[in-house]
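Below is one structure, written out as structure tokens; the observations come after it.
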Amino acid sequence: MCVLGGLAALEVSEWTAKRTVKGMFWITFTAIFGSAISVGLIGSMFAMNFDPPYTASKFIPTMGMLFGNTMVGVSLGMDSVLVSVDTRRDIVECMLCYGASRWETVWPIAVDAARTAMVPSITSMGITGLISIPGMMSGQILGGADVMDAA
């Protein structure tokens, strides 16, 4: 899982990023790996009742989906932060010169970045019941599963 998390972080921080900063790989690795592992383990234990929660045949595909989703969010969030800091450079420097803390200075930028990063996830959750679930159910039926098992 660490290798997959590292590859996901490398993709986001080095290959697709328009702007980079020093240490960006480790920031993205922590964000992607930490969130995917925690959600994957909690979901496996409580929502899917896997015993043990890290059963390879079920945990690896779940982690692949989580890595894919977190890559999109982290990529959009990091890009939004870096673009905002670059375009609002004068405001950030002025606030820092007048004694604002780093957190006070970056707070509006972080809020905008969080909103931007959550848009794809919220949009995909909105269509899950209409498109994804019936699509998965019909795929299972076409694959030979019993209709009651697919439901």
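Restricted to region 102-141, and to residues that are open to solvent by 70 Å² or more (accessible area, probe 1.4 Å) and not aliphatic (A, V, I, L, M), which residue is modelled with the lowest pLDDT?
My answer is Gln140.
Where the second residue is open to solvent by less than 50 Å² (accessible area, probe 1.4 Å) and part of a helix (DSSP H, G or I) and the first is more than 13 Å from Leu82 (Cα to Cα) and among the hydroxyl-bearing types (Ser, Thr, Tyr) and lies in region 106-127, which pairs have Cβ atoms under 9 Å and are six or more apart or on separate chains?
If the second residue must be open to solvent by less than 50 Å² (accessible area, probe 1.4 Å) and part of a helix (DSSP H, G or I), the pairs left are Ser121/Gly73; Ser124/Ser132.
Quick one: is Leu96 over 21 Å from Ala9 (Cβ atoms) and hydrophobic (A, V, I, L, M, F, W, C)? Full working, then the answer.
Details: over 21 Å from Ala9 (Cβ atoms): yes; hydrophobic (A, V, I, L, M, F, W, C): yes.
Here the answer is yes, as Leu96 does meet what is asked.
So which residues in region 84-101 are surrounded by 13 or more Cβ atoms within 10 Å (Cβ to Cβ) and either under 19 Å from the mean Cα position of the chain (by Cα) or among the small types (Gly, Ala, Ser) (or both)?
Correct list: Ser84, Ala100.
Does region 51-71 contain at least one residue that is of a type in the set (Gly, Ala, Ser), open to solvent by 50 Å² or more (accessible area, probe 1.4 Å), within 29 Å of Gly5 (Cα to Cα) and part of a helix (DSSP H, G or I)?
Quick first cut of region 51-71, residues of a type in the set (Gly, Ala, Ser) only: 56-57, 64, 68.
The next check asks that each one be open to solvent by 50 Å² or more (accessible area, probe 1.4 Å); those that pass are 56-57.
Cutting the leftovers down to within 29 Å of Gly5 (Cα to Cα) gives us 56-57.
Add one more test, that the residue is part of a helix (DSSP H, G or I), and what stays is 56-57.
Scanning region 51-71 turns up at least one residue that is of a type in the set (Gly, Ala, Ser), open to solvent by 50 Å² or more (accessible area, probe 1.4 Å), within 29 Å of Gly5 (Cα to Cα) and part of a helix (DSSP H, G or I).
Looking at (1) open to solvent by less than 40 Å² (accessible area, probe 1.4 Å); (2) modelled with pLDDT of 85 or more, which one does Ala150 not meet, given that it meets all the others?
Every listed condition holds for Ala150 apart from (2).
Scan region 18-47 for residues that are open to solvent by less than 70 Å² (accessible area, probe 1.4 Å), within 15 Å of the chain's Cα centre (by Cα) and among the aliphatic types (A, V, I, L, M) and report the count.
4
Does region 80-99 hold any residues that are touching a residue at least 60 places away in the same chain (Cβ under 8 Å) and of a type outside the set (A, V, I, L, M), and which are they?
Scanning region 80-99 gives a single hit, Asp86.
From the list Val3, Val72, which residue is closer than 30 Å to Val83 by Cα, β-branched (Val, Ile, Thr) and without any contact (Cβ under 8 Å) to a residue 12 or more places away in the chain?
Just one listed residue meets the conditions, Val3.
The values are calculated or read from the model by the stated rules, or taken from the named source; none is laboratory data. From a predicted model like this one, the values you see are computed outputs, not experimental measurements. Neighbour counts run over all protein chains shown; Cβ positions are idealised from the backbone, glycine included. The area values use the complete protein model at the heavy-atom level, side chains included, leaving out ligands, DNA and RNA. Shrake-Rupley method; radii C 1.70, N 1.55, O 1.52, S 1.80 Å.
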